[in-house]
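Visitor: First the structure, then my questions, so here it is.
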Amino acid sequence: MSASPHTDRPGRPWGQGTNKVEPIEIGLELSEPSANGMLLAGRYTILDHESALQRLMSLAIRENVDVIVGGPYNSGALVGGAHFEYGPIPPEIAERVKTIETLCEKHDVPIKAAALHFSLAHPAVAAVIPGSSRPSRITEDVAAMKFAVPDDFWRDLRDSGVVSTAAPLPIDG
């Protein structure tokens with residue numbers, strides 16, 4: 001792969017996008033060029049965040065690099081789809097989805113709101129890019145962002161063990 005002639009210019013934004021944590025960690029550890037932002041697809045979500053929390057998120061904060069979360073619904077696994085990681089949903093992920101759904105029902109929280117607000121709660125995250133299979137989904141995503149998720153939901157979510165105790169939640173800020 002050849003580099004763009006603009007990536008080594010001071011002040012010019014650059015970054016990379018991937019669905020793996022490790023390439024972004026490597027990119028952040030480079031002394032030159034210095035990244036401005038990184039797109040991390042499906043790896044800092046309410047379902048899958050452990051690997052990103054190990055080093056990447058603190059590294060992004062230290063290097064002052066924005067993380068953009070793509071795929072916050074994990075290939076649709078969180079919103080009624082049949083896939084996670086481009087394949088069938090594994091049983092352990094299905095169990096986590098069920099726990100999240102149960103908590104969302106208990107607190108009357110749309111699951112999309114829980115997913116989007118979770119990803120955005122980390123101070124390294126600058127934006128979330130939810131995928132939309134049709135235009136009406138965009139309206140749903142906007143409504144989910146505007147939804148005020150109650151603090152009790154976040155406490156119950158943390159108590160359930162579905163999310164890491166190291167993951168910042170909206171009630172932590």
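The values are calculated or read from the model by the stated rules, or taken from the named source; none is laboratory data. Keep in mind that what you see is a predicted model, and the values were worked out from it rather than measured. Here the Cβ positions follow ideal geometry from the backbone for every residue, glycine too, while neighbour counts run over all protein chains shown. Please note that ligands, DNA and RNA were not included when accessible areas were found on the heavy atoms of the full protein model with its side chains. Shrake-Rupley method; radii C 1.70, N 1.55, O 1.52, S 1.80 Å.
Visitor: Using label points projected 7 Å from each Cα along Cα→Cβ, tell me how many nm separate Asp66 and Glu140, to one decimal.
Guide: 2.7 nm
Visitor: On C-alpha positions alone, give me the angle between the axis of helix 151-160 and the longest principal axis of the chain, in degrees, nearest 10.
Guide: The angle comes out at about 90 degrees.
Visitor: Using only Cα atoms, find the angle between the long axis of helix 111-120 and the longest principal axis of the chain, and express it within 0 to 90 degrees, rounded to the nearest 10.
Guide: Taking Cα atoms only, the helix is inclined about 30 degrees.
Visitor: Taking the Cα centre of the range 83-168 as the origin, how large is its charge dipole in debye, to the nearest 20, when only Lys and Arg (+1) and Asp and Glu (-1) carry charge on their Cβ atoms?
Guide: Values: 9 positive and 12 negative charges, 52 e Å.
Charge dipole, the range 83-168, about its Cα centre: 240 debye, nearest 20.
Visitor: Something else: Note the angle between two axes, namely the Cα long axis of helix 91-107 and the longest principal axis of the Cα atoms of the chain, as a number of degrees from 0 to 90, rounded to the nearest 10.
Guide: Rounded to the nearest ten degrees, it is 60.
Visitor: Do the sum for the chain: with -39,500 (n - 2.57) for every DSSP H run of n ≥ 4, divided by all residues, what is the mean residue ellipticity at 222 nm, to the nearest 500 deg cm²/dmol?
Guide: Working: 6 runs with 64 residues, N = 173.
The helix-only estimate for the chain comes to -11000 deg cm²/dmol at 222 nm.
Visitor: In whole percent, and with a 1.4 Å probe on the protein chains, what portion of the accessible area of the range 80-158 is carbon and sulfur?
Guide: Working: 2560 of 4430 Å².
Roughly 58 percent, rounded to a whole number.
Visitor: Another question, if that's okay. What does the charge dipole of the range 32-149 about its Cα centre add up to, to the nearest 20 debye, if the Cβ of each Lys and Arg holds +1 and the Cβ of each Asp and Glu holds -1? Mind showing how you got there, number by number?
Guide: On the way: 10 positive and 13 negative charges, 37 e Å.
Dipole size: approximately 180 debye.
Visitor: Please state the Cα pair-distance histogram of the chain with 5 angstrom bins from zero: what percent is in each bin?
Guide: Percent of Cα pairs in each bin: 1, 8, 17, 20, 19, 15, 9, 5, 3, 1, 0.
Visitor: Under a plain spin-label model, where a point goes 7 Å from the Cα along Cα-to-Cβ, how far apart in nm are Thr99 and Asp159?
Guide: 1.4 nm
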